[in-house]
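Only one structure is covered here, and it is reproduced in the block below.
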């Protein structure tokens, strides 16, 4: 029997499993070397002692319940057990428990490394899925803030954190929170990211500085009350994990996670480092995508501004529209245009748009060397260069306006000069609710906008000068036309006023036929001069009371050609000379001086021909009394399409028969 027992003992001693025999009184009766190794104790510390003495509290575990079941019911049990050792470490074991005469036999196989590998694989898969989700969110998110919030939700789920935020590091090395993910924050209605930063206890702020300064992750577990004193304005932080976001070796931001159930550990750091790398890479691509969309939107604004310049003829309207277009851009909160008035030091606001809220009436801006002239607007005008305030809080140059600006949520500002004839005539000032946004692309864009404003001002002012010049030229031309017409009529008292009345009827016909205002003005000028060729006809022929001889009539018939010869070398924007030359031509070719017919007679000449005949027949002549309007209408109706253009005659008939046209009551309009 002793030999058989020795054989069994040798067999158990050489097993790869741990082997232990536990008596009915729960004392350790036997342990092989592997069982001792699994126990993390010395053999002499266990043999003869009960399990409860060796491992206090073990009787409350699920494993012990299974051992009790085997002991009492004498049944075999297989199980996996996670065992927490007194030193705080843990191990995983496959256990086979069998009843033996002495009590129970427990065979144990250490599977801790296998379990750790499985856990690592599960964690890697979860991390991989999280990273894939991050890249997916980068494709779906409309804005960087949307993407950051989605990433925070993934990070919180992955680590079991209650709070999360992403902050970027500004040019001054200060953390600026961009995105928040926290139910408690939402419940407490902490909507401003800067307010959230201020709500952190000093210990967390120190960690943020450590993450940025040392460019590595930091864990803060088991925060003590004296290190974390949450009051009305503080979030209660129990533990905290800070992970740097890096671009190359530079820290560009920080992911902060807080209040995990349990402590943060190296696994959390490892997982979050992988996620941080994915987030930073995705952010780079997202920012590139958003930059392209953003630059496209800027070009769209430029296009709309240029369209506005083409159609707007008033400076104030142009300024207002441009400011409105600018404030449609996401980062621009407010924009205004100030103009320098001659002899004035103060810059006068000409137009604005966005969240102004009384700002312009509360501040003073000048172009002199006082403190009010040393801000961005004053400096832009004096230097003729863009002037940028990246952070209103920190820049002393913005001192006189800082209080009012911060009240309205302005964080940074740029001012650009509006140049005209080599001099700054004003400034475009643009305010953002973010710091550091006016970088190279933004400055180039706004410089182009300021240039477009200057172009618009130049165009509007030039057009106004041209309009005034045109008015003067028009007035001079009208005076000249009237003087020439008057000169002609002084030689023929019987036809005094004839040209003016013909012009009025001809203009009325032109309007009835759908002519635009410019073409009607050409008819007025032409009709007012149509008989100036008669200055070459002797006055005794013009005022002869009897019938003219054939020679005298031939002399009369020269007046269209004489007028043409006088006017053909003078510039008019209308066919004045040709119209006068043809106003005695007839549709059938029976007119003079050239016998032109049909469509070869220009329409203006055909209109004046009808108006001339109607007015002449209605007026007194030296050789006859006035025939009257009925006779005149009968003449043109009978000869319609033969001597006179049919469409012109129809328009004339409508004027007299349906609209009651009268020479004495007519106007030019």
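Data for the structure
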{"item": "Mean Cβ count within 10 Å, highest first, over the residues of peptides 39-49, 391-401, 578-588", "result": "578-588, 391-401, 39-49"}
{"item": "The stretch 2-114 shape via C-alpha gyration tensor axes, a/c threshold 1.5", "result": "rounded"}
{"item": "Three-way shape label, the stretch 490-665, alpha-carbon gyration tensor, a/c 1.5", "result": "rounded"}
{"item": "Nearest 10 degrees, 0 to 90: helix 202-214 Cα axis against the chain principal axis", "result": "80"}
{"item": "Förster-model FRET efficiency, 45 Å R0, residue 461 and residue 539, C-beta, rounded to 0.05", "result": "0.30"}
{"item": "Cα gyration tensor shape of the stretch 285-436, rounded if a/c is under 1.5, else prolate or oblate by comparing a/b with b/c", "result": "oblate"}
{"item": "The chain, relative contact order [Cα under 8 Å, separation at least 6], %", "result": "6"}
{"item": "Burial ordering of 418, 340, fewest other beta-carbon atoms within 10 Å first", "result": "340, 418"}
{"item": "Which label in (1) 135, 78, 44; (2) 174, 62, 38; (3) 132, 74, 58 gives the computed Cα extents along the principal axes in Å", "result": "(2)"}
{"item": "Stokes-Einstein D (µm²/s) once Rh is taken as the Kirkwood radius of the stretch 303-364 over alpha-carbon pairs, at 4 °C in 1.567 mPa s", "result": "103"}
{"item": "Ranked by how many other beta carbons lie within 10 Å on average, peptides 596-606, 111-121 from highest", "result": "596-606, 111-121"}
{"item": "Least to most buried among 323, 652 (fewest other Cβ within 10 Å first)", "result": "323, 652"}
{"item": "For the stretch 47-107, alpha-carbon Rg relative to the globular expectation (2.2 N^0.38 Å, N residues)", "result": "1.13"}
{"item": "Relative contact order %, the stretch 312-463, counting alpha carbon pairs below 8 Å whose residues are six or more apart", "result": "23"}
{"item": "Mean-position separation - Cα centroids, the stretch 236-268 and the stretch 76-94, in angstrom", "result": "31"}
{"item": "Neighbour-count order for 369, 94, fewest beta carbons within 10 angstrom listed first", "result": "369, 94"}
{"item": "Angle in degrees between helix 266-311 and the longest Cα principal axis of the chain, rounded to the nearest 10", "result": "0"}
{"item": "Normalised contact order of the stretch 2-114, rounded percent, pairs of Cα under 8 Å and 6 or more residues apart", "result": "26"}
{"item": "Between 0 and 90°, nearest 10: helix 62-73 axis offset from the chain longest Cα axis", "result": "40"}
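Values in this text are rule-based calculations from the coordinates and carry no lab data. Owing to the predicted nature of the structure, the values given are computational and were not obtained by experimental measurement. Heads up, the Cβs are rebuilt from the backbone with ideal geometry, glycines too, and the neighbour counts pull from every protein chain shown.
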